């Protein structure tokens, strides 16, 4: 299994060679030269596997330069009931990602049972174990630089805190996350964790990460890596729960199902696209957005038009307050038939004009790819949270509400549709209170989170200032 850049400017490399790099040196994102194929026979043989066993089987398809026994050890030590036991009372934590059926054709895939109560834990806990293993083997250190709109940061920090050879520098948009999200990150006082609140939007923070990563001398000299969803190992780890969901939802090997996915940086739904390319019977991928509806507009028109921070709205589903979806480039690379020259052309247009428009053949491929999209407003989120609680006694967070709204709007009759959960409602108390009139339950161990001391540094949107901070703490 060889990996290439979407921009075509670096030599092919292996899984363990790319996971510590993050962004490729040519500014592109690493992707497999070809996706592995899972046959119906293989898919059927996976029925009955534990989540850790399934993760081993899927990961082994992407990590051909690692021993399967090593992959199995990492997965078995990561995907345990003890790590993923922070979800709702009554949840079957043995399944790690259980399905909760609302009716015969609509289910929620519970992905928030990990230590930071968000779906990011599903891949990030594995990434922490993987990084520590690879760094120890190479006798190297790594400085992780990332940006978060809410959940990536805490998931990364909880996965990396205290690990040998790793420091984390996490950028977040000042004043644009929930109090619970901020407290989860900023209350970590470990010596290897550094929080930086940027006075701007998530896109500003993400642009700083990309700018630092594009300075090859600084990146190399300071051993800069990333855990954002531009890191392929994270995407590959997320592919696993699409297979898990399908195996739980079906009995017929030919049955196609749909997924509704709350989307900001496009990594979560991209994993579903990859699973589909591998052979998973996926009928429909529904992209759910909030008022920051750049992806919604793309899947309606074929035009991708990004927004500046001033026009990226602060909403009640803050992890999706993103107008530049990093992982979107990987999908466009596939739509362009893996042509890096065309990707470079489109991203040059994006840099110069702030938008690009696909040609007719490319747009037809998008329409044939199984993607569609729907958007939600704050009022629709509140109503969906209220209805889901009233009708099913199941409390959802505002991002999952966006996903359910999209599922109801775009669902195909007779097709089972699974909405991917983003986080537990406890992380968004103000919105939940508005919807149902009571505070969401807080999992054991998080009761006094908001009262804990916090450690964070505020900075302007300034690449050099971030570089200087990293330099002074390495």
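The values are calculated or read from the model by the stated rules, or taken from the named source; none is laboratory data. Note that the structure is a prediction, hence the values are computed from the model and not measured. Here the Cβ positions follow ideal geometry from the backbone for every residue, glycine too, while neighbour counts run over all protein chains shown.
Some points to look at:
- Residue selection: residue 267 satisfies the criterion of being within 17 Å of the chain's Cα centre (by Cα), surrounded by 19 or more Cβ atoms within 10 Å (Cβ to Cβ) and within 26 Å of residue 446 (Cβ to Cβ).
- Of all residues in segment 443-474, those being surrounded by fewer than 14 Cβ atoms within 10 Å (Cβ to Cβ) and either assigned to a helix (DSSP H, G or I) or at positive phi (or both) number 6.
- Qualifying positions in segment 83-109 - more than 22 Å from the chain's Cα centre (by Cα) and under 16 Å from residue 445 (Cβ atoms): 89, 91
- Total residues in segment 270-283, condition part of a strand (DSSP E or B) and crowded, with 23+ Cβ neighbours inside 10 Å: 0
- Segment 404-442, residues that are closer than 18 Å to residue 88 by Cβ, outside any loop (DSSP other than H, G, I, E, B) and touching a strand residue (DSSP E or B) at 6+ places or on another chain (Cβ under 9 Å): 404, 418, 419, 420, 423, 427
- Whether a residue is touching a residue at least 12 places away in the same chain (Cβ under 8 Å), within 15 Å of residue 238 (Cα to Cα) and in contact with a helix residue (DSSP H, G or I) (Cβ under 9 Å, 6 or more places away or on another chain) was assessed, and residue 106 does not pass this test.
- Restricting attention to segment 4-31, the residues that are surrounded by fewer than 22 Cβ atoms within 10 Å (Cβ to Cβ), modelled with pLDDT of 95 or more and in contact with a strand residue (DSSP E or B) (Cβ under 6 Å, 6 or more places away or on another chain) total 2.
- From 260, 236, residue being surrounded by 22 or more Cβ atoms within 10 Å (Cβ to Cβ), touching a helix residue (DSSP H, G or I) at 6+ places or on another chain (Cβ under 9 Å) and either without any contact (Cβ under 8 Å) to a residue 60 or more places away in the chain or closer than 21 Å to residue 64 by Cβ (or both): 236
- Residue within segment 74-82 that is part of a helix (DSSP H, G or I) and closer than 17 Å to residue 249 by Cα present: no
- Test: residue 286 is surrounded by 16 or more Cβ atoms within 10 Å (Cβ to Cβ) and part of a helix (DSSP H, G or I): no
- If the condition is being over 20 Å from residue 314 (Cβ atoms) and either touching a residue at least 24 places away in the same chain (Cβ under 8 Å) or under 18 Å from the mean Cα position of the chain (by Cα) (or both), then segment 392-402 contributes 392, 394, 395, 396.
- Selection within segment 198-218 - within 26 Å of residue 308 (Cα to Cα), in a helix (DSSP H, G or I) and either touching a helix residue (DSSP H, G or I) at 6+ places or on another chain (Cβ under 7 Å) or modelled with pLDDT of 95 or more (or both): 203, 204, 208, 211, 212, 213
- Output for segment 157-194, where each listed residue is buried (at least 20 other Cβ atoms within 10 Å of the Cβ), assigned to a helix (DSSP H, G or I) and in contact with a helix residue (DSSP H, G or I) (Cβ under 8 Å, 6 or more places away or on another chain): 157, 158, 159, 160, 180, 181, 183, 184, 185
- Hits in segment 409-441 - residues which are within 30 Å of residue 256 (Cβ to Cβ), in contact (Cβ under 8 Å) with a residue 12 or more places away in the chain and over 19 Å from the mean Cα position of the chain (by Cα): 409, 410, 411, 412, 414, 415, 416, 417
- Any chance residue 88 is part of a loop (DSSP other than H, G, I, E, B), within 30 Å of residue 108 (Cα to Cα) and at pLDDT below 95: yes
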